[in-house]
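Structure first, then comments.
Taken together, the values in this text are just the output of simple stated rules run on the coordinates, not laboratory data. Not measured: the values here are computed from a predicted model. Backbone-built Cβ (ideal geometry, glycine too); neighbour counts: all protein chains shown.
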Amino acid sequence: MNNETSRNKIPEVALLFWIMKICATTLGETGGDLLSMTLKVGYAVSVIIFISFFFAALIGQLSVKRYIPVLFWAVIVATSTAGTTISDYMDRTLDLGYAAGAAILVTALISVLIIWFFSEKTLSVTEIKSVKGEVFYWTAILFSNTLGTALGDFLSDNSGLGFAGSNILISSLIILTILAHYFTKIPTVILFWIAFILTRPFGATFGDLLTKSPEEGGVGFGTVGASLVFASILVILIIYETFWHKRPVAQKA
């Protein structure tokens, strides 16, 4: 495989990107729960299934030389569904708990980012020029989505905030990150990864809010209904990006 990859394999980090990211991560939460809990496949088997899906989608993404929306977002969904089941397996099956699981995932994510920086001399997500850099990018995304799941579950289950309260808290943090982008000099790449991590627990808590029963503090759509809704929205946006959306030159992030 040619070691050089095209810069435009990563979509422009703008409003549409974040809308699709939230849809994908919410689908990851509802889809992961659909397989592991609703269909009673179990966390261990679900991890194997979704990790296999992740590697298959990643191989497809690495093999192309330009941004293909369906491939890129398939990998994002794969990291979200895999992240959901990996986090649940660590926290519940292995009984590590949210704190220990989150500590492991934070350490793993920071380690990947450090190795990526020293290897590629940048963490910019719009300047990925090699297959190695792209592998670092997707590894960091997998860990960040898994970490976001653990954070979302902790807030929903253990913090006392409930699904709605947790969603409001995460939404507030995302708004603060947006304000920091426009009104502070914090490096864009740092704010990108903060936003990327935060949109995962936003999706997790929003997904739980939609799927759980009213007795549990949710709306009661169920995992099947919520998954169909967000899958449909994501498919429509992917079609839009593929056929109608003209991408401007991406700014550095």
Checklist outcome for this item: Residues other than L96 with Cβ under 15 Å of its Cβ, Lys/Arg counted +1 and Asp/Glu -1, net out at -4
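Taking the Cβ of G203 as the centre, find all other residues whose Cβ is under 13 Å away and add up their charges (Lys, Arg: +1; Asp, Glu: -1).
-2
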Item to check | Net lengthening on full extension, I175/V224 (0.36 nm per residue, minus Cα-Cα) | outcome: 14.7 nm
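Evaluate the relative contact order of the chain (contact order divided by residue number), counting alpha-carbon pairs under 8 angstrom at least 6 apart; express in whole percent. Display every interim value, and only then the final one.
On the way: 357 pairs, mean separation 74.4, N = 253.
Normalised by residue count, the contact order of the chain is 29 percent.
Just want to confirm a number: the relative contact order over region 54-189, from Cα pairs under 8 angstrom separated by 6+ residues, in percent. Let's see the in-between values first.
On the way: 92 pairs, mean separation 35.9, N = 136.
Here the relative contact order equals 26 percent.
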Item to check | Helix 97-120 axis, angle to the chain major axis (alpha carbon atoms, nearest 10°) | outcome: 0
Next on the checklist: Suppose each label sits 7 Å from its Cα in the direction of the beta carbon; what would the V135-T38 distance come out to in nanometres?
Outcome noted: 3.6
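Give the order of W244, W116, W73, W193 when sorted by the count of other beta carbons within 10 angstrom, beginning with the fewest.
Numbers: W244 7, W116 20, W73 23, W193 17.
Ascending Cβ contact count within 10 Å gives the list W244, W193, W116, W73.
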Next on the checklist: Treating only the Cα positions of region 15-137 as identical point scatterers, give the base-10 log of I(q)/I(0) from the Debye formula at each q in 0.17, 0.18 Å⁻¹.
Outcome noted: -1.01, -1.10
Item to check | Reference-scaled alpha-carbon Rg (2.2 N^0.38 Å with N residues) for the chain | outcome: 0.97
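By how many nm would the segment from T242 to S63 lengthen if fully extended, with 0.36 nm per residue of separation less the alpha-carbon distance? Display every interim value, and only then the final one.
Details: separation 179, 0.36 × 179 = 64.44 nm, distance 1.81 nm.
Stretched out fully, the T242 to S63 stretch lengthens by 62.6 nm.
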Checklist entry - Among G152, G160, G225, which one shows the biggest mean-square fluctuation in a GNM of the chain, springs joining Cα atoms closer than 10 Å? => result G160
Item to check | Proximal lysine pairs, the chain, alpha carbons under 21 Å, eight or more residues apart or interchain | outcome: 21
Checklist outcome for this item: Distance in nm between S52 and V235 label points, each 7 Å along Cα→Cβ, equals 2.3
Checklist entry - Which FRET efficiency value, to the nearest 0.05, is calculated for K121 and L94 with the Förster distance at 41 angstrom and r the Cβ-Cβ distance? => result 0.65
Checklist outcome for this item: Expected max-MSF residue from L237, L210, L15 in the GNM of the chain (alpha carbon, under 10 Å) is L15
